[in-house]
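What follows is a single structure, written as structure tokens, with notes after it.
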Amino acid sequence: MENNGPPLPELEKLSQLISALKVYALKSANEQWAKKVSAIYCAPRMDSWDDLAWFEFAKDWEVVEYLLSDTTKARKLMRSLYYCLQWYGQNELDRLQCMKIID
């Protein structure tokens, strides 16, 4: 069992992070749509983000420290956040595609 590393941040803090990532995904999907790049959203590789990039979203150093701690649980959370970002972005592209078809 892995006991080293910082504790998991409160659910409220993680919820705020997910909300910020959703806003980011919607914005980047709309930018991708405007450029007519692709109908498939490709989320950025979040494992390459540094502490300042994460702080932009989390607005909390405890969350940033946890995400960058490289523990098994932190890596699982990062993977989940990546899929969440991918889902929000693809959902937005699909919505825009449906709106285009309706018009």
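Condition first: assigned to a helix (DSSP H, G or I) and loosely packed, with under 15 Cβ neighbours inside 10 Å. Now tell me which residues in the range 1-17 satisfy that. Spell out the reasoning first.
The initial filter retains those residues of the range 1-17 that are assigned to a helix (DSSP H, G or I), namely 11-17.
Passing the criteria: 11, 12, 15.
Of all residues in the range 54-103, how many are touching an Asp or Glu at 6+ places or on another chain (Cβ under 9 Å) and aromatic (Phe, Trp, Tyr)?
Summing the residues that are touching an Asp or Glu at 6+ places or on another chain (Cβ under 9 Å) and aromatic (Phe, Trp, Tyr) in the range 54-103 gives 2.
Which is among the aliphatic types (A, V, I, L, M), touching a Leu at 6+ places or on another chain (Cβ under 7 Å), modelled with pLDDT of 95 or more and under 19 Å from residue 93 (Cβ atoms), of 39, 25?
On the way: 39 fails: modelled with pLDDT of 95 or more.
Among 39, 25, only 25 is among the aliphatic types (A, V, I, L, M), touching a Leu at 6+ places or on another chain (Cβ under 7 Å), modelled with pLDDT of 95 or more and under 19 Å from residue 93 (Cβ atoms).
Quick one: which of 63, 23 is of a type in the set (Val, Ile, Thr) and touching a Pro at 6+ places or on another chain (Cβ under 6 Å)?
Of 63, 23, the one residue that is of a type in the set (Val, Ile, Thr) and touching a Pro at 6+ places or on another chain (Cβ under 6 Å) is 63.
So the check is Cβ under 9 Å with 6+ separation or different chains; which pairs have a first residue in the range 58-84 that's within 20 Å of residue 23 (Cβ to Cβ) and hydroxyl-bearing (Ser, Thr, Tyr) and a second one that's at pLDDT below 95 and crowded, with 17+ Cβ neighbours inside 10 Å?
82/43; 83/43
Would it be correct to say that residue 96 is at pLDDT below 95, more than 13 Å from the chain's Cα centre (by Cα) and surrounded by 14 or more Cβ atoms within 10 Å (Cβ to Cβ)?
yes
Looking at the range 38-58 only, could you name the residues that are of a type outside the set (Phe, Trp, Tyr) and either surrounded by 12 or more Cβ atoms within 10 Å (Cβ to Cβ) or not in a loop (DSSP other than H, G, I, E, B) (or both)? Give the steps one after another, and end with the answer.
Filtering the range 38-58 down to residues of a type outside the set (Phe, Trp, Tyr) leaves 38-40, 42-48, 50-53, 56, 58.
Across the range 38-58, the qualifying residues are 39, 42, 43, 44, 46, 47, 48, 51, 52, 53, 56, 58.
The values are calculated or read from the model by the stated rules, or taken from the named source; none is laboratory data. Predicted model only: the values in this text are computed from it and were never measured. Positions of Cβ are generated from backbone atoms using ideal geometry, with glycine treated the same way; all protein chains shown enter the neighbour counts.
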